[in-house]
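First up is the structure itself, then whatever we jot down about it.
What follows is calculated from the coordinates using simple rules that are stated; it is not laboratory data. The structure displayed is predicted, hence computed values, not measured ones. With ideal geometry, Cβ positions are generated from the backbone for all residues, glycine too; neighbour counts draw on all protein chains shown.
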Amino acid sequence: MHPDAREVLITEQQIANRVAELGRQISRDYAGREILVVGILKGAVLFLADLVRHIDVPVRLDFMAVSSYGATTDSSGVVQIIKDLEQSIEGRHVLIVEDIVDTGLTLKYLQDNLATRRPASLRICTLLDKPGRRKVPVQVDYNGFVIPDEFVVGYGLDYAERYRNLRDILVLKPEVYQK
Ligand code: PRP
Ligand code: 7HP
């Protein structure tokens with residue numbers, strides 16, 4: 001285990017199994033339709049890359065980058081678009097792919113923003129859900145794992161841009177972000 005981690009919360013194998021299940025479920029739900037998968041940079045990139053390889057309906061990819069955390073473990077609450085989509089989503093079946101829903105502020109903002117662009121449908125898929133931290137309600141359509149209120153890293157998730165490359169999802173030792 002990484003020396004900055006207190007425990008492994010979800011192993012690489014558990015992630016792989018659950019991502020495959022989510023892909024199968026999404027494929028069934030979208031049978032006969034094309035999905036525009038919107039990945040939210042940067043945390044969702046690893047999850048998205050694995051997920052789309054388990055989806056067997058046609059898929060297009062686009063990405064957005066938003067900012068709310070900076071180099072802290074607390075959301076600022078102010079969401080800013082850093083990079084917008086490259087294509088119109090009007091009339092498309094849009095699936096937002098996120099790594100984690102925490103306060104819900106990021107996804108609520110994205111959902112409201114994308115809904116104004118007149119997609120045919122708009123759903124949310126997140127790998128992790130931390131309901132204990134929610135400030136605004138968000139309707140998540142596909143969720144990998146419900147997790148406790150601990151700061152986690154790995155499989156795309158960072159603390160101050162580090163640890164994204166770790167293969168498991170780990171609980172960070174509090175002294176790492178409290179110093
Ligand atoms: C993280 C994560 C979500 C958001 C969730 O992004 O990827 O987008 O925070 O938090 P919320 O539910 O409290 O809004 P971050 O701003 O850390 O960017 P990153 O994906 O580049 O790490
Ligand atoms: C954002 C975020 N990024 C990494 N780990 C967590 O536990 C997080 N919650 N919200």
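At-a-glance table
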{"quantity": "Cross-link partners of Lys83 among lysines (Cα-Cα below 16 Å; sequence separation of 8 or more within a chain)", "calculated": "Lys42"}
{"quantity": "Computed E for Glu34/Asp4 - FRET, C-beta separation, R0 45 angstrom, nearest 0.05", "calculated": "0.60"}
{"quantity": "3J(HN,Hα) from dihedral phi, the range 49-54, Karplus parametrisation 6.51/-1.76/1.60, rounded to Hz, x for glycine, proline", "calculated": "4, 6, 4, 5, 6, 10"}
{"quantity": "For Gly144, net neighbour charge (Lys/Arg +1, Asp/Glu -1) across residues whose Cβ lies under 10 Å away", "calculated": "-2"}
{"quantity": "Percent antiparallel among DSSP beta bridges (both partners in the range 13-148, rounded to 5)", "calculated": "10 percent"}
{"quantity": "Extension gain from Thr116 to Leu61, taking 0.36 nm per residue of separation minus the Cα-Cα distance", "calculated": "17.9 nm"}
{"quantity": "GNM flexibility winner over the chain from Asp129, Asp62, Asp149 (Cα, springs under 10 Å)", "calculated": "Asp149"}
{"quantity": "The chain: most fluctuating residue of Glu86, Glu21, Glu150 per GNM, C-alpha cutoff 10 Å", "calculated": "Glu86"}
{"quantity": "Diffusion constant of the range 13-148 at 20 °C, which comes from Stokes-Einstein with the Kirkwood Cα-pair radius and 1.002 mPa s, µm²/s", "calculated": "142 µm²/s"}
{"quantity": "Segment Gln178-Ala20, length gained on full extension (0.36 nm per residue, minus Cα span)", "calculated": "53.3 nm"}
{"quantity": "Crossing angle, helix 105-115 versus the chain [Cα axis fit, 0-90 degrees, rounded to tens]", "calculated": "10 degrees"}
{"quantity": "Relative contact order %, the chain, counting alpha carbon pairs below 8 Å whose residues are six or more apart", "calculated": "25 percent"}
